[in-house]
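Worksheet: one structure, shown below.
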There are 2 protein chains.
Amino acid sequence: MANVFVCSGRDEVPRWQEAFAGAVQVGPDQARARVGAGDLAWVMSNLPGWSELVAGLRRQGATLVVMSYLPSSREAFQALDAGARGYVHALSPPELFRQVELVTTHQGIWVPPELLARVVGGTFQALGGEVRLQDDVLAELTERERAVALAVARGESNKEVARRLDITERTVKAHLGAVFRKLGIRDRMQLVLRLSHQSISLADPGQ
Amino acid sequence: MANVFVCSGRDEVPRWQEAFAGAVQVGPDQARARVGAGDLAWVMSNLPGWSELVAGLRRQGATLVVMSYLPSSREAFQALDAGARGYVHALSPPELFRQVELVTTHQGIWVPPELLARVVGGTFQALGGEVRLQDDVLAELTERERAVALAVARGESNKEVARRLDITERTVKAHLGAVFRKLGIRDRMQLVLRLSHQSISLADPGQ
DNA sequence: AAGCCCACTGTCCTGATGGACATAACGCAC
DNA sequence: GTGCGTTATGTCCATCAGGACAGTGGGCTT
């Protein structure tokens with residue numbers, strides 16, 4: 001069973017290589033040629049006609065997972081409807097990729113926890129694991145540190161946070177430094193990645 | 001993490017013991033008492049008020065799987081709606097039980113393949129199906145700009161990107177500047193947010 | 001009272017970031 | 001050939017980010 005990543009050009013996502021040693025990266029056309037029964041194919045949703053590609057590879061006996069840079073519940077439906085067993089953020093950490101592999105190759109379905117609610121049923125309430133994980137991350141922070149962390153995670157600058165919380169920029173830095181230390185990260189970028197992937201965001205615009 | 005089978009009286013399904021050595025078999029009442037966070041609870045759908053039981057145990061932090069003697073897509077829906085992560089035939093072979101365990105404890109969803117199409121399809125239809133949104137933020141970028149944008153979105157610094165793409169840090173800045181201009185954003189943080197989660201609302205509308 | 005955690009602020013300093021000027025090569029279309 | 005877009009690079013500079021030193025004051029526990 002091979003892991004095949006289907007994307008346009010060379011999307012250059014070493015994360016895939018990081019997650020799966022023997023991963024192959026191909027274009028849509030090669031995908032149709034070399035993907036067969038038992039293979040696990042990961043298809044980027046920014047490819048033109050990706051859903052048809054997914055359906056096609058599905059008929060060839062492959063297991064499909066759709067990756068997206070902008071996950072939405074709607075696209076998730078489309079993916080599952082086309083025959084995909086999984087739908088995941090393209091920038092997910094390697095461990096998550098392996099988890100998705102595990103689930104999908106065992107007849108399971110995998111969709112991001114934050115989209116789960118919308119994918120199955122209208123009132124589906126399965127906001128489990130990841131959300132709790134998120135709580136734990138924020139739990140070790142103090143009130144102020146959490147406020148600063150969240151503001152920063154929304155893309156605000158130190159100055160903006162300072163204005164919002166009505167404190168000095170220096171104080172923002174102090175809290176932020178504590179956040180970095182406690183979470184074991186080095187800068188705000190890591191923070192956004194940490195907070196936005198397994199996110200609290202039950203928000204998904206979804207439209 | 002314990003496997004707990006919830007059923008009325010003594011349903012006597014040795015298959016469960018066969019699948020999981022340390023499996024416990026209890027009634028609905030004991031279930032509420034002893035099932036906690038991290039446990040995997042298997043609930044029979046012939047119990048009166050099983051969906052409320054599922055929802056309750058879900059709130060207690062358990063992972064839920066509903067078992068049925070007469071699986072139907074309607075009941076599957078009900079199960080998932082109540083917060084179950086899995087829905088299987090009660091008389092499935094031990095290997096299948098273990099597979100379901102594997103999937104559901106890894107944030108996956110498991111429903112019988114023959115019901116899959118109807119469960120997912122039905123949901124999809126209900127939401128108005130075919131809609132084309134998110135014509136890629138990345139589409140308007142050139143090859144190199146996209147590569148830089150993606151690397152930055154993974155949290156890499158300009159220097160790291162430069163090394164990775166084997167170009168000068170100055171060039172990275174140039175591409176990045178173009179990305180910012182084209183996407184109408186001001187810094188790398190906005191970029192991560194665009195690519196990571198779109199318009200997250202990490203709570204706090206900001207007093 | 002002494003110790004600790006939290007919120008807040010200060011200065012100094014290094015390195016990263018992004019914009020505003022440029023220049024120059026290449027390929028492609030008109 | 002003349003333009004245009006893409007890639008690549010350069011210098012200069014204002015700002016931002018984050019760490020390394022600080023310090024004060026309040027509240028809580030022992």
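Observations, loosely collected:
- Within region B:119-178, the set of residues being hydroxyl-bearing (Ser, Thr, Tyr) and either in contact with a strand residue (DSSP E or B) (Cβ under 7 Å, 6 or more places away or on another chain) or at pLDDT below 90 (or both) comprises B:Thr123, B:Thr142.
- Within region A:137-159, tally of residues that are within 11 Å of chain B (Cβ to nearest Cβ) and either more than 13 Å from DNA strand D (Cβ to nearest atom) or surrounded by fewer than 13 Cβ atoms within 10 Å (Cβ to Cβ) (or both): 4
- All of (1) within 11 Å of another protein chain (Cβ to nearest Cβ); (2) at pLDDT below 80 hold for B:Val192 with one exception: (2).
- Residue within region A:56-72 that is in contact (Cβ under 8 Å) with a residue 40 or more places away in the chain, surrounded by 20 or more Cβ atoms within 10 Å (Cβ to Cβ) and within 9 Å of chain B (Cβ to nearest Cβ) present: yes
- Residue that is farthest from the other protein chains (Cβ to nearest Cβ), among those in region B:160-172 that are assigned to a helix (DSSP H, G or I) and more than 7 Å from DNA strand D (Cβ to nearest atom): B:Glu169
- Within region B:177-194, the set of residues being within 6 Å of DNA strand C (Cβ to nearest atom) and under 33 Å from the mean Cα position of the chain (by Cα) comprises B:Phe180, B:Arg186, B:Asp187, B:Arg188.
- Enumeration of residues in region B:29-46 that are surrounded by fewer than 20 Cβ atoms within 10 Å (Cβ to Cβ) and away from every other protein chain (no Cβ under 14 Å): B:Asp29, B:Gln30, B:Arg32, B:Ala33, B:Arg34, B:Met44, B:Asn46
- Residue in region A:160-172 that is most open to solvent (accessible area, probe 1.4 Å), counting only those that are more than 7 Å from DNA strand C (Cβ to nearest atom) and of a type in the set (D, E, K, R): A:Arg163
The values are calculated or read from the model by the stated rules, or taken from the named source; none is laboratory data. Please read all numbers here as calculations on a predicted model, not as lab measurements. Counting neighbours? That spans all protein chains shown, and the Cβs are built from the backbone with ideal geometry, glycine included. The protein model used for the area step is the full one, side chains on, heavy atoms only, and it has no ligands, DNA or RNA in it. Shrake-Rupley method; radii C 1.70, N 1.55, O 1.52, S 1.80 Å.
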